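Below is one structure, written out as structure tokens; comments come after it.
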Amino acid sequence: MEKTFIVVDVETDGPIPNDYSMISFGAVIVDKDLKKTFQAKIKPISEKYKKERLNFLKLSRKETESYEDPKKALTEFVKWIEDNTKGKLVFLSDNNGFDWMFMCWYLEHFLGKNPFGYNSTNISSLYRGLTKDLNANFDSLRKTPHNHNPLNDAMGNAEAFLEMMKKMPKK
């Protein structure tokens, strides 16, 4: 079965969905040129937020409140996925426990469906298995700097994943 790997990164104003908000996300389809990308900024869904988190991201609450409606952004994301992919989707993230938690919750809550199903893959874990080193870090495989812009972070992770794929046995 054909698979499409999509690297996703999210930025939030707090630690858990619903109590706090996903404020942006980026996605990159893993293919030879990494040109198929998606990015959205989403307005908060909760009154709660961690000021220190927004400060870290160099954002104000007022700025995030001007972002796009979550349902509209997620509908556009799913349409982008449908227009650009074939086969089974594979959700990839560097911190998939966090990124998956937000994306899964938002997709199910606002759209009632998750095109990725119920599975995700952690790129760091994959790299550690590939190198047989539990402390290994794949940052050296990135070309795009990790700067908490979710599209840049997803792109760097996709670049690293492409490099890992070159080292994996073909089956």
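How many of the residues making up the range 110-129 are more than 15 Å from VAL8 (Cβ to Cβ), part of a loop (DSSP other than H, G, I, E, B) and among the hydrophobic types (A, V, I, L, M, F, W, C)?
Looking only at that region, the number is 0.
Report whether or not GLU108 is without any contact (Cβ under 8 Å) to a residue 12 or more places away in the chain and surrounded by fewer than 17 Cβ atoms within 10 Å (Cβ to Cβ).
Details: without any contact (Cβ under 8 Å) to a residue 12 or more places away in the chain: yes; surrounded by fewer than 17 Cβ atoms within 10 Å (Cβ to Cβ): yes.
The answer is yes for GLU108.
What helices (runs of 4 or more DSSP H) completely inside the range 1-105 contain at least 1 residues that are more than 18 Å from ASP153 (Cα to Cα) and under 18 Å from the mean Cα position of the chain (by Cα)?
The helices (runs of 4 or more DSSP H) meeting that bar are 70-84.
Only one residue in ALA73, ALA136 is over 15 Å from THR4 (Cα atoms) and either among the aromatic types (Phe, Trp, Tyr) or out of contact with any strand residue (DSSP E or B) (no Cβ under 8 Å at 6 or more places or on another chain) (or both), so which one is that?
Exactly one residue qualifies, and that residue is ALA136.
List the pairs whose first member sits in the range 74-86 and is over 16 Å from TYR106 (Cα atoms), whose second member is β-branched (Val, Ile, Thr) and surrounded by 17 or more Cβ atoms within 10 Å (Cβ to Cβ), and whose Cβ atoms are under 8 Å apart, counting only residues at least 6 apart or on separate chains?
Close Cβ pairs satisfying both conditions: ASN84/ILE29; THR85/ILE6; THR85/ILE29.
FYI, it's all coordinate maths here, none of it is from the lab. Because the structure is a prediction, the values reported are computed rather than measured. With ideal geometry, Cβ positions are generated from the backbone for all residues, glycine too; neighbour counts draw on all protein chains shown.
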